[in-house]
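To keep things clear, I will list the structure first and then write my remarks on it.
The values are calculated or read from the model by the stated rules, or taken from the named source; none is laboratory data. Fair warning: this is a prediction, and the values are worked out from it, not measured in the lab. Glycine gets a Cβ as well: all are built from the backbone with ideal geometry, and neighbour counts include every protein chain shown. These area figures cover heavy atoms from the full protein model, side chains too; ligands, DNA and RNA do not enter into them. Shrake-Rupley method; radii C 1.70, N 1.55, O 1.52, S 1.80 Å.
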Amino acid sequence: MAERVLIAEDDHDIIEILTLYLSGAGYEVEAVHDGQEAIDALKERGAAVVLVDLMMPNMNGFDFIKEARTFSGVPIVVVSARDQSADKVLGLDLGADGYITKPFDPAEVLAYVRAMIRRCGAEQTDSPAAAASTLRVGDIELDTEQLVVRKRGEAVALTASEFKIVMRMMLSPGRVFTKAQLYEAVSGEVYDEGTDSIMVHISNIRAKLEDDPSHPQIIETIRGLGYRFGQ
């Protein structure tokens, strides 16, 4: 069965070109024209990846991301003409997994979709610890089959990038990971300039997992080195 890509975009020309490339690559494509329609489609039919514009009627892209993250960890990629750093940081902060600026090369978007689907389906399969169906560190457990993180038995909604970071760290509890290492775990690439996004992801994970995010006990900052999950 073909993977479904949901496009939330109010520009018909962009929808047409993205649909052409994605459907040609074998993906099932559904296009909607505002954030509220995208929320409804995601709840009713799901998606493997969501491509979302920021400036849309009824519900903009930022509000869509915020709402979607209350019930789904689907990979979300922003595709927007807004290229300011503040917009990119806000998108990540709200729960987006990537950001592509317009004008864009459709082949690049296709490659991004492929990468997101591939990475979500191949989480650290080369690690012996990954063979366990459930990883546990303190009150946190991660089900590697259902791809769910729970705190004291309650499911926690994480984005795809946040899930990758948590899984990577839980596979080696007590180990210190640099921001560059965590960035590589998320993107599959070594790119030091992208490590600032890891700080945003760590902050978001702490907000979801820590009892008191201002005094983190689960993910500890090791000054000058990076982060450590558990002891």
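Test of understanding: among ILE65, ILE17, which residue is under 21 Å from PHE163 (Cβ atoms) and either touching a Leu at 6+ places or on another chain (Cβ under 9 Å) or surrounded by fewer than 17 Cβ atoms within 10 Å (Cβ to Cβ) (or both)?
Residue meeting the stated conditions: ILE65.
Among the conditions (1) open to solvent by 10 Å² or more (accessible area, probe 1.4 Å); (2) in contact with a helix residue (DSSP H, G or I) (Cβ under 7 Å, 6 or more places away or on another chain); (3) more than 22 Å from ARG206 (Cα to Cα), the only one that LEU54 does not satisfy is (1). Taken together, the residues in the range 185-231 that are at pLDDT 85 or above, touching a helix residue (DSSP H, G or I) at 6+ places or on another chain (Cβ under 7 Å) and of a type outside the set (A, V, I, L, M) amount to 7. Given the criteria in contact (Cβ under 8 Å) with a residue 24 or more places away in the chain and open to solvent by 10 Å² or more (accessible area, probe 1.4 Å), does ALA48 qualify? Criteria met by ALA48. Out of all the residues in the range 138-164, which are hydrophobic (A, V, I, L, M, F, W, C) and in a strand (DSSP E or B)? Within the range 138-164, ILE140, LEU142, VAL148, VAL149, ALA155, VAL156 qualify.
For the range 79-86, indicate whether the set of residues that are of a type outside the set (A, V, I, L, M), more than 24 Å from PHE163 (Cβ to Cβ) and without any contact (Cβ under 8 Å) to a residue 12 or more places away in the chain is non-empty. Yes, because at least one residue in the range 79-86 is of a type outside the set (A, V, I, L, M), more than 24 Å from PHE163 (Cβ to Cβ) and without any contact (Cβ under 8 Å) to a residue 12 or more places away in the chain.
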